[in-house]
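First up is the structure itself, then whatever we jot down about it.
The values are calculated or read from the model by the stated rules, or taken from the named source; none is laboratory data. This one's a predicted model, so the numbers in the text were calculated from it and none came from an experiment. As a convention, Cβ positions derive from the backbone with ideal geometry for all residues, glycine included, and neighbour counts pool all protein chains shown.
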Amino acid sequence: MPTPADAHVTFLGHSTLIVDMDDVRILTDPILRPRVGPLVRLPAPIDEAAWAAPDAVVISHSHWDHLDYGSLRMVGTGTTMIVPAGLGKALRSRGFSDVVEVLAGEDVEVGGVRIEATHAEHHGFGPPVGSTDRSLGFLIEGTRRIYFAGDTAFFEAMAELDVGLDLALMPVWGWGPTASPDDHLDPHGAARAVALIKPRVTVPIHWGTLHPLGFRWLRPTTRIDPPHQFAQLVRRYAPETTPRVLPVGGSLDLAEAVRA
């Protein structure tokens, strides 16, 4: 784990990342198994050493590609789980003992790192059927400020996140051949969002990892092109922000990226 003075982010695929900052380890939306529901993972799952022993897990919403109980059990039922209000009952009923439910604007302190829930424009649900659940993003703040958008469409109030962000982790696609603009950011929408929130560095997420069972070759370019299209558009619309496309398993030293 990095020293407290460092901030490192490792992209484990889709919306799963490890954020190491100030001697605190945060795991986002862990999808750690080869298959979740109807979705299969194209790259091999990342070795446990990359995501082991997080201090907390943040869950943005209850879609299959963000909330997988099997993956959460791999992390540990005693790990702190920070989830949208309303999801706590489902986790506790499955044996998770340390669940914190939050609404947008509320925050949780984890070892000196503040995690604030933020609004997300996305419709969650409990698969395979269920009521509409809340969706959230998260602002992770210690010596650095990192925005994890979770899953969201573009909304003008994103401008409120212009708070001196060091890094924005922005979804740029989905897991199928299309990305609905009512529910998801595509490369253009994500670049517009970056122009609003003005982070020093941005990393595209939510791409290149999952696909529906039996549809491995359905428009495979949608698992390859979106992050690079996003990077090009960021250079055009938000030239003061540096885009960094990480491969699955790739890491970013934020101090070095900000200096660059």
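For the reader, a short list of remarks on this structure follows.
- Of all the numbered requirements in (1) in contact with a strand residue (DSSP E or B) (Cβ under 8 Å, 6 or more places away or on another chain); (2) surrounded by fewer than 22 Cβ atoms within 10 Å (Cβ to Cβ); (3) of a type in the set (S, T, N, Q); (4) more than 23 Å from GLY250 (Cβ to Cβ), SER62 misses one, and that requirement is (2).
- Qualifying positions in the range 40-55 - surrounded by fewer than 22 Cβ atoms within 10 Å (Cβ to Cβ) and of a type in the set (A, V, I, L, M, F, W, C): VAL40, LEU42, ALA44, ILE46, ALA49, ALA50, ALA52, ALA53
- Within the range 14-49, tally of residues that are closer than 22 Å to PRO212 by Cα and either at pLDDT below 95 or assigned to a loop (DSSP other than H, G, I, E, B) (or both): 20
- Positions within the range 73-93 being buried (at least 18 other Cβ atoms within 10 Å of the Cβ) and over 19 Å from VAL24 (Cβ atoms), in sequence order: PRO84, LEU87, LEU91
- Hey, PHE138 closer than 28 Å to LYS198 by Cβ and out of contact with any strand residue (DSSP E or B) (no Cβ under 6 Å at 6 or more places or on another chain) or not: no
- Of all residue pairs spaced 6 or more apart or on separate chains, those with beta-carbon atoms under 6 Å, a first member in the range 71-95 that is in contact (Cβ under 8 Å) with a residue 12 or more places away in the chain and closer than 17 Å to ILE115 by Cα and a second member that is of a type outside the set (A, V, I, L, M) and surrounded by fewer than 16 Cβ atoms within 10 Å (Cβ to Cβ) are THR80/ASP98.
- Checking each residue in the range 22-45 for being in contact (Cβ under 8 Å) with a residue 60 or more places away in the chain and more than 16 Å from the chain's Cα centre (by Cα) picks out ASP22, ASP23, VAL24, ARG35, VAL36, GLY37, PRO38, LEU39, VAL40, ARG41, LEU42, PRO43.
- VAL248 vs. criteria aliphatic (A, V, I, L, M), surrounded by 13 or more Cβ atoms within 10 Å (Cβ to Cβ) and touching a Gly at 6+ places or on another chain (Cβ under 7 Å): yes
- PRO34 being under 26 Å from HIS122 (Cα atoms), surrounded by fewer than 22 Cβ atoms within 10 Å (Cβ to Cβ) and not hydrophobic (A, V, I, L, M, F, W, C): yes
- In the range 160-190, the residues that are over 13 Å from the mean Cα position of the chain (by Cα), modelled with pLDDT of 95 or more and aliphatic (A, V, I, L, M): LEU161, VAL163, LEU165, ALA190
- THR16 being in contact with a Phe, Trp or Tyr (Cβ under 9 Å, 6 or more places away or on another chain) and surrounded by fewer than 21 Cβ atoms within 10 Å (Cβ to Cβ): no
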